[in-house]
1. Under 8 Å for C-alpha pairs, at least 6 residues apart: give me the relative contact order for the stretch 2-136, rounded to a whole percent.
2. Mind checking the dipole of the stretch 41-178: about its Cα centre, +1 per Lys or Arg Cβ, -1 per Asp or Glu Cβ, Debye to the nearest 20?
3. May I ask for the longest run of the chain untouched by GluC sites (Glu not before Pro) that are loop-located per DSSP and have at most 10 neighbouring C-beta atoms (other than their own) within 10 Å?
4. For each of F113, F165, F170, count neighbouring Cβ atoms within 10 Å of the residue's Cβ, then give the residues from fewest to most.
5. Once the dipole of the chain is set up with Lys and Arg at +1 and Asp and Glu at -1 on Cβ about the Cα centre, which of S82, H266, A92 lies farthest towards its positive end?
6. Just how large is the dipole of the chain about the Cα centre, in debye to the nearest 20, putting +1 at every Lys and Arg Cβ and -1 at every Asp and Glu Cβ?
7. If you count the DSSP beta bridges with both ends in the chain, what percent of them are antiparallel, to the nearest 5?
8. Quote the charge dipole size of the stretch 1-62 about the Cα centre in Debye, to the nearest 20; the model charges only the Cβ of Lys and Arg (+1) and of Asp and Glu (-1).
Amino acid sequence: MIVVGVDGSQAGLDAVSWAVREAELRNEELRIVHVMPAWPLEMTEDAPHAEVGRWMRDGAESVLADGLERARREERHVKVESLLLPGDPRSALIAAAGDARLLVVGSHGLGGFRGMLLGSVALGVAGHTACPVAVVRCPPAQPCGEVVVGVDGSPAGAEAVGFAFAEASFRGAALRAVHAWSRPTAGGGLHASADAEETAQEARRALAEALAGWSERYPDVKVTEHLEHGHPVDVLRDASTRADLLVVGSRGRGDLAGLLLGSVSHSLLHHAACPLVVTPASATSRRA
Ligand SMILES: Nc1ncnc2c1ncn2[C@@H]1O[C@H](COP(=O)(O)OP(=O)(O)O)[C@@H](O)[C@H]1O
Ligand SMILES: [Mg+2]
């Protein structure tokens with residue numbers, strides 16, 4: 001099951017288009033979810049302002065109907081259903097994703113303001129679910145046939161590598177595995193370049209290690225390894241301009257304990273130039 005959130009916005013409908021295609025690729029069912037405040041669903045017909053409640057319920061039903069209509073127009077072979085849930089959008093979507101393989105949201109919604117790079121619901125669900133979260137940013141009009149994965153050698157990064165291989169295989173796309181490394185900052189003079197060479201070697205080894213085993217499992221996926229010097233956010237954002245999908249782990253190696261979303265994933269949620277999938281750190285998450 002793939003779950004997609006809709007809120008009446010264009011970005012939410014674009015998320016449905018993306019999600020229904022993904023559901024077809026993965027042979028999954030699609031559930032379109034809209035979350036609304038609980039009180040209009042709980043009030044009786046003779047309550048004061050019952051007409052306001054009715055108006056809100058009708059509005060919510062039409063948001064779901066528009067979502068279903070968008071999914072139907074994509075003409076995919078997917079079983080689609082819709083579900084209205086009461087409560088706060090973030091917690092209700094996180095709960096709705098509990099038994100799903102993937103939660104899909106738009107990068108924006110109806111709220112927010114012009115120029116804002118990411119909506120609060122999109123930011124609030126990424127890294128908080130047991131399944132991966134897809135944030136559908138700037139979906140490319142024409143697929144370019146490449147999935148990019150950010151590799152850092154962390155456990156959450158391993159989840160990302162697994163997801164990216166499966167995704168590339170489903171799409172018949174190539175996989176670009178990118179590891180960004182930086183020159184050690186301490187020291188200087190002659191030692192600096194020796195250290196840099198050593199760090200690069202180490203980075204190359206870490207990248208190869210992180211990919212080991214996956215190519216045997218997905219022999220159909222053509223993989224290219226890219227080692228780039230620079231900050232991971234810059235390097236991965238740059239790679240996302242030529243990708244159909246960017247996959248990253250929810251947290252990397254440098255994260256503070258208890259932080260659900262690492263700084264790289266957090267920045268990429270705001271700045272990636274293509275749809276982004278953030279995979280959970282937990283080993284209990286279900287792989288494709
Ligand atoms: N009430 C909701 N019910 C279901 N999904 C929602 C709801 N609100 C937002 N979403 C999902 O989250 C995406 C981002 O919206 P959001 O983060 O709320 O942006 P904004 O802050 O611009 O409103 C939407 O495109 C939609 O996929
Ligand atoms: Mg919103």
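We did not get these values from a lab; they are worked out from the coordinates using the rules stated. From a predicted model like this one, the values you see are computed outputs, not experimental measurements. When we count neighbours, we look across all protein chains shown, and the Cβ atoms used for this are built from the backbone with ideal geometry, even at glycine.
1. This gives 34 percent for the stretch 2-136.
2. For this selection, approximately 600 debye.
3. Free of exposed loop sites, the longest segment is 76-288.
4. Least to most surrounded, the residues fall as F113, F170, F165.
5. Going by the Cα projections, it comes out as H266.
6. Approximately 340 debye in magnitude.
7. Of the beta bridges lying entirely in the chain, close to 10 percent run antiparallel.
8. Approximately 180 debye in magnitude.
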